[in-house]
Amino acid sequence: MVTKWKNLSNPPVVTAIFQLKYDSGSIRLDEFLKFDTVLKREFPNRSENIESSLSLLPSTRIPFGKAQVSGVTDTRRTGYVYFTTDQKEKLTLSETEITYTKESPYTGWDSFKDFVLKMLQTLSSVLEGVTIQRTSIRFINQFNLLEFDDPTEYFNTQITSSVADSSMPYPLLKYGFRMTFDVAEGIYSIVNQNADHLTDRFIYIFDIDVLDRNNILFDVNSIGEILENLREIKNKIFFGNLTNKTLELCS
């Protein structure tokens, strides 16, 4: 049964990311161009990722300083990036992955998930029969804290809490650590927490990446179910780590 999570009126999400990974060679990159008109309704702009390499001719020597050299270049297109005018939402399409990145104001899980599935439905004729090797979501949360003398007042997961009088002996400038959780067969989560002291406040980043590397044949409904499971894991980590004091900042 899906947990009913608390609805935050001021969610700390600054970046939400969805990604699918699949075998190289499963899709020809130019196949995505058949959806160009439809995609530009949501993402009016498109750019291309280009990869280039230079192979020097056998007799070529590279002198110090500036010089002309002879060689063969290999330049190819590796992906398309569709993006909004303000560049706060991007859809990246390549021969190995699809990534949707949202940096505009977060309006809730339902709208995020619905948009992702809508985009996948648009691309479904190309993705049909493709084996998905990894499905993931990543949510980067940012908290603005006026003071951070005692991290345990704000977050439940810490490197250590064995400091005298529950406070740090010296002013804190930076703080950070990384954890990896083995959630279930083929499912894991990478969590990064970092604090940075600015002039008037601390910026605390709580970055949760949840990944399912179980192979499935592409199917929009199946991916929707996986997304709900990944969200459940993400929220358990999120709400399990925040104290009531920090939750009040989000309400």
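The values are calculated or read from the model by the stated rules, or taken from the named source; none is laboratory data. No experiment lies behind these values; they were computed from the predicted model shown. When we count neighbours, we look across all protein chains shown, and the Cβ atoms used for this are built from the backbone with ideal geometry, even at glycine. All accessible areas refer to the heavy atoms of the entire protein, side chains included, with ligands and DNA or RNA removed. Shrake-Rupley method; radii C 1.70, N 1.55, O 1.52, S 1.80 Å.
Summary of values
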quantity	calculated
Solvent exposure, largest accessible area first (probe 1.4 Å, DNA, RNA and ligands not counted), of 107, 84	107, 84
Compactness relative to 2.2 N^0.38 Å, alpha carbon Rg of the range 145-249	1.32
Size of charge dipole - the range 118-251 - debye, nearest 20, with Cβ of Lys, Arg +1 and Asp, Glu -1, no other charges	280
Heavy atoms of residue 174: accessible area, 1.4 Å probe, square angstrom to 10	140
Under 18 Å from residue 245, Cα to Cα: aspartates and glutamates that are on another chain or at least 8 residues apart	147, 149, 150, 153
Of 34/90; 118/234; 6/40, those spanning more than 28 Å from alpha-carbon to alpha-carbon	6/40
Radius 14 Å from Cβ of residue 133, net charge of other residues (Lys, Arg +1; Asp, Glu -1)	-1
Residues of type aspartates and glutamates that residue 236 reaches as a straight line, Cα spacing below 18 Å, ignoring anything fewer than 8 places off in the same chain	110, 182, 185, 207, 209, 212, 225, 228, 248
